[in-house]
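A short write-up of the structure that comes next.
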Amino acid sequence: MLSYILRRALYGVLILIGVNLFTFVLFFTVNTPDDMARLNIGGKRVTQEAIEKWKVERGYDKPLLYNARDDGLRALSNTIFFERSVQLFALRFGASDSGRDIGYEIRQRIGPSLAVALPTFALGVMATVCAALLMVFFRATYLDFWGVTLAVVMMSISSLFYIIVGQWTFSTLLRLVPISGFAGGWDLFKFLALPVVIGVVARLGYDALLYRTMFLEESGKDYVRTARAKGLSEQAVLFRHVLRNAALPILTSTVAVLPLLFLGSLIMESFFGIPGLGSYTIDAINAQDFAVVRAMVFLGSALYIVGLVLTDISYTVADPRIRLA
Amino acid sequence: MRAPVPNGRFAAAVAVLALTAACSEVGNSPYASGAERSNTFFTAFQERSPKYLDPTSSYSNDETPYTYQIYEPLYGYHFLKRPYALVPRAAEAVALPRYYDADGKELPASAPGGTIAHSVYDIRVRKGIRFAPHPAFARDSAGNPAYHSMRREDVADKYRIDDFRQNGTRELTAHDYVYAIRRLATPRIKSPSFSLISEYIVGLKEYGERIVEVDRQLRKGLSPTDRDLPMLDFRQHAFAGAEALDEHTLRIRIKGKYPQFKYWLAMTFFAPVPWEADKFYAQPGMAEKNLSLNYWPIGTGPFMLVEYEENRQHVLARNPNFRGEPYPCEGEARDRAEGLLEDCGKNTPFVERVVFSVEKETIPLKTKFFQGYYDSPVVERLDVGTEYLVEMTDSKDKLAEYRRKGVRLPSTIEANNWYVGFNMLDPVVGWGKTPDERARNRKLRQALSLAIDWEEYIQIFEQGQGMAAQGPLPPGLFGYRDDGPAAFNPIVYRTLDGRSERRPIEEAKKLLAEAGYPEGRDAKSGQPLVLNFDYQRALTPAIRPRMAWYQKQFAKVGVQLEIRATDYNRFQDKMNKGTIQIYFWGWLADYPDAENFLFLLYGPNAKALTNGNGENNSNYQNAEFDRRFELMKFEDDGPVKARLIDEMIAIAQHDAVWSFGYFPTSAAAFHQWVYNGKPTQIIRNHIQYLRVDPQLRAQKVAEWNRPLWWPVWLIALALAAALLPALRAYRRRERENAARTLAGSAAPAGAAD
């Protein structure tokens, strides 16, 4: 397994280089360093000298990918791409284009992101599995029919709609929770209640249908029939046999996203004013802050790769028949 | 059987949450419990945190709620008087300049502007003013600065200013103002006023060149991207334009006569900067921790910054060293009736803290304002209040709600305009090369100015909240008279039965024909006249109707309008290069003087000819206008200045360099428990005058936000009720024998196969 993980890690590095290059090219296709400077300096009377100075101080005065003035390796290394990318692999994120320490910001914001993402994820998985199991348990009854109908309706609705309706209902109409904001301590609960509930509900329809299909597929297999034949209760069949065997595809869809929870949610954090990494990324995109965008994309890709490796490992844990080689 | 356990925990957590929320009076408060009962002013900021809090760099409206409460420039504006009147802030009085000729001989105040070689301002700084507590002033037991010789490792665990345990203060002196003026020449940070101010302050331009060289020496051996730079100590480098005659007398020398200079002294570019600030923040490791004047300002104003959470929340707290300023006792005639004089003579600031929370979306901003959680939606901006004003006039329900909640929306027309400009460098709508071409192009501009119906625009897009402009000068400034050219544009309007009305569109068509485009077609080639309109934002659904409206206006005279909507950066690029034809832009005055609007048409300020440094966006150059402008800028307010302004406005109207657009109505928005709210976009230190009644706020917030729990219980009950028949079915199934169960469950499985 160790050699497998090492091999995957090496592939991961190659993927990261590719993602970095792709982000870089995409970003600088739509933005020039001059645009970034003007937006970052801001305000009235931005002179060309100020723009040039801003670029020099941040190393954006260099060529993007190839420095024709230098020879040999320097032609490649004395460029914006090289200087801005290599340090990422040492997890040195440097300073944002507005001068702030990205590493510090990430450390500050990872907490609020996890505070929303973790309960949303955990409760989401729990609620979805429960809903799917209920539908399977009561299959071919009115509960199954209406459950599926409801799930189809729920998955057809945009998550933005849930947010807006949720904010209006629970904050404006019922006045139970704040419409947006964030605070530590006990106040955390009142700020997180709505985004977490909305986060769970928004995914419930799609995931419950998916899991229901998985459970149904399992419940039609021979071993389930055998279990029933030996007189096990429906509960025991579902929870002891079906759930355990259907856990493999569930693992695929859950463990892979686990590391991404650190990155928070772009939409949720933006709408609920949660100072996490999702809103940090959105702010950086709006401010054309390449330093932050590239750091977050790098982090996202790295975590995604970690997620995929973890999924593979979790297979071996969940199903002893699987061996990684 | 494991699933119900976590479900049970979740239910318990929800119950605890519900109980917690039910115990407090309000559940939807975005603040800590009981915050509404504190003497705090709550407001919001939109989009992002302010970029520059360093007084040398700050020049943006969204920074002013912080900078003008923290820093004290020498002057400010009287909070209530209109037209705006300068009053001393940190200075003892608004100083009158003394004038000297080229030989150094003093001249009388009435001397012609052209004869004056230098103006000298001797400004007395008040005694006893102290800086807010800050570690830069902290001293150890031996009396030495506690934090002036730190190493990188000493700063390793410091990220906020309160991570430094010791604070100190000292008295403000004239040297701090001298230091700030010298610092305008810094090459290290953005200094947007330097290019303009260095044209006026004696020796500042040369001083800037010297400082660049000093900085180059200091940076020797360092990479351009290095952020730990040795302190650039402006105490070591003097120049004649700004000096301290003694501890409390500041002398500034100005080239020639520049009456508007006094307004600059009311801006934060002229706020004091203690040398200790530069010394403290220049230490190794500070910059990368964002420990700089840009994030943690040091001032003598009524408030100090105690919390800076980027793009989330900022908190100002009352400066314990602030001396207290009395609330004004006189103002406009209507101020007494509006209760704005009730706090006459009381010490300001009234509130202890000001909390700014981020609101990126308009719906939460508005919701929280109407729930009572913001005392004012965005305190520095008047467009949000205007939106509410429009909403109130649009809907009876809204009007009733606004009245029920006692929301106050005081409005005013501010020193702000929006206009459509013609690029005078353009061959079609511009100046023209030959006298004949000039005359024809001018008629084309006049025809187009006449075609754009700004009254209609205000009705459709501003919901009637604005005033069609007759010239570049908004009302309320010296030079604007109801019977003068600033209030009547004879090119576009005519007087009928004593009333002014827009000239009929036939006149525009006639002018267009005279310009060589009968029916909107080139008389020579027969080709339709197609003009390009550059807009500074992308074509969103919100913008599209406006663009369609402009096209309709031009179509009235048969001219086709091509829309070139772009993002603001590209737009600025095009403006700097002068490659646009027709554009839409606005101006928010820096100070309340006609000069600050008329300089938008002054030839030497042409944007494309000054590499984007000038503000004359139309690149308008008229020798007659420029000559009068040069005379006018020397004049103090009086009949001569008024005459020159009249003449300049008439020239601009005749040349139709702009279609003059409109002056928008601006409205502030305050709750009933906020007192002394008066809308303004010129006075930026107004938070110190705002008073809040926390008891009334707490009472209203509780009244408006009583939580409604019964629908939640109802939903829970409905869910439980829906499950009951299913549970019954399950029990029935459990009771059935194994054979029937198998028979029942095999059917769907078989079907699936």
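The values are calculated or read from the model by the stated rules, or taken from the named source; none is laboratory data. Because the structure is a prediction, the values reported are computed rather than measured. Please note: Cβ atoms are built from the backbone with ideal geometry, for glycine as well, and neighbour counts cover all protein chains shown.
In table form, for the structure just shown:
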quantity	calculated
Unique match (being in a helix (DSSP H, G or I) and more than 30 Å from B:A656 (Cβ to Cβ)) among B:R381, B:R404	B:R404
Residues satisfying the stated conditions in region B:388-409, i.e. touching a Lys or Arg at 6+ places or on another chain (Cβ under 9 Å) and surrounded by fewer than 18 Cβ atoms within 10 Å (Cβ to Cβ)	B:E391, B:K405, B:G406
Residue in region A:301-321 that is of a type in the set (D, E) and within 30 Å of A:Y4 (Cα to Cα) present	yes
Enumerated strands (runs of 3 or more DSSP E) restricted to region B:56-113, each holding at least 3 residues that are in the same structural domain as B:R188 (by TED's automatic domain parsing) and in contact (Cβ under 8 Å) with a residue 24 or more places away in the chain	B:75-77
The one condition in (1) within 10 Å of chain B (Cβ to nearest Cβ); (2) farther than 30 Å from A:T213 by Cβ; (3) surrounded by 20 or more Cβ atoms within 10 Å (Cβ to Cβ) that A:G59 fails to fulfil	(3)
Condition met for B:V273 (touching a residue at least 12 places away in the same chain (Cβ under 8 Å) and touching a Lys or Arg at 6+ places or on another chain (Cβ under 6 Å))	yes
Residue in region B:223-243 that is in the same structural domain as B:A156 (by TED's automatic domain parsing), among the β-branched types (V, I, T) and at pLDDT below 95 present	yes
Matching entry among B:Q313, B:Q283 (being over 30 Å from B:T43 (Cβ atoms) and of a type in the set (S, T, N, Q))	B:Q283
Subset of region A:146-158 (residues that are among the hydrophobic types (A, V, I, L, M, F, W, C), part of a helix (DSSP H, G or I) and more than 12 Å from chain B (Cβ to nearest Cβ))	A:V148, A:A151, A:V152, A:V153, A:M154, A:M155
Selection status of A:Y66, free of Cβ contacts under 8 Å to residues at least 40 places away in the same chain and either surrounded by 15 or more Cβ atoms within 10 Å (Cβ to Cβ) or not in a loop (DSSP other than H, G, I, E, B) (or both)	no
Residues (out of contact with any Asp or Glu (no Cβ under 7 Å at 6 or more places or on another chain) and either assigned by TED's automatic domain parsing to the domain that holds A:A291 or more than 14 Å from A:F28 (Cα to Cα) (or both)) located in region A:53-65	A:K53, A:W54, A:V56, A:E57
Strands (runs of 3 or more DSSP E) lying entirely in region B:427-511 (those with 1 or more residues that are buried (at least 21 other Cβ atoms within 10 Å of the Cβ))	B:466-468
Boolean, A:S77 is touching a residue at least 40 places away in the same chain (Cβ under 8 Å) and away from every other protein chain (no Cβ under 14 Å)	no
Options B:K398, B:K433, B:K443: the member that is at pLDDT 90 or above and over 19 Å from B:A555 (Cα atoms)	B:K433
Test: residue in region B:195-204 that is of a type in the set (A, V, I, L, M, F, W, C), surrounded by 15 or more Cβ atoms within 10 Å (Cβ to Cβ), out of contact with any strand residue (DSSP E or B) (no Cβ under 7 Å at 6 or more places or on another chain) and within 13 Å of chain A (Cβ to nearest Cβ)	yes
Checklist (1) surrounded by fewer than 22 Cβ atoms within 10 Å (Cβ to Cβ); (2) away from every other protein chain (no Cβ under 14 Å); (3) of a type outside the set (S, T, Y) applied to B:E209, failing item	(2)
Residue list for region B:38-96, restricted to those being charged (D, E, K, R), more than 14 Å from chain A (Cβ to nearest Cβ) and buried (at least 21 other Cβ atoms within 10 Å of the Cβ)	B:E72, B:R89
Flag if A:L143 is in a helix (DSSP H, G or I), of a type outside the set (S, T, Y), farther than 30 Å from A:P275 by Cα and at the interface with chain B (Cβ under 7 Å from one of its Cβ atoms)	yes
Answer from B:L696, B:L723, B:L708 - the residue that is away from every other protein chain (no Cβ under 13 Å) and either exposed (fewer than 15 other Cβ atoms within 10 Å of the Cβ) or modelled with pLDDT of 95 or more (or both)	B:L696
Which listed residue, of B:V202, B:V178, B:V214, is touching a residue at least 60 places away in the same chain (Cβ under 8 Å), among the aliphatic types (A, V, I, L, M) and touching a His at 6+ places or on another chain (Cβ under 9 Å)	B:V202
Extreme residue, farthest from the other protein chains (Cβ to nearest Cβ), among residues of region B:336-358 that are surrounded by fewer than 21 Cβ atoms within 10 Å (Cβ to Cβ) and modelled with pLDDT under 95	B:R336
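Yes or no, residue by residue, for (1) surrounded by 20 or more Cβ atoms within 10 Å (Cβ to Cβ); (2) closer than 25 Å to B:H314 by Cα; (3) at the interface with chain B (Cβ under 7 Å from one of its Cβ atoms); (4) touching a residue at least 40 places away in the same chain (Cβ under 8 Å):
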position	(1), (2), (3), (4)
A:L160	no, no, no, yes
A:R175	yes, no, yes, no
A:Y206	no, no, no, yes
A:K221	no, no, no, no
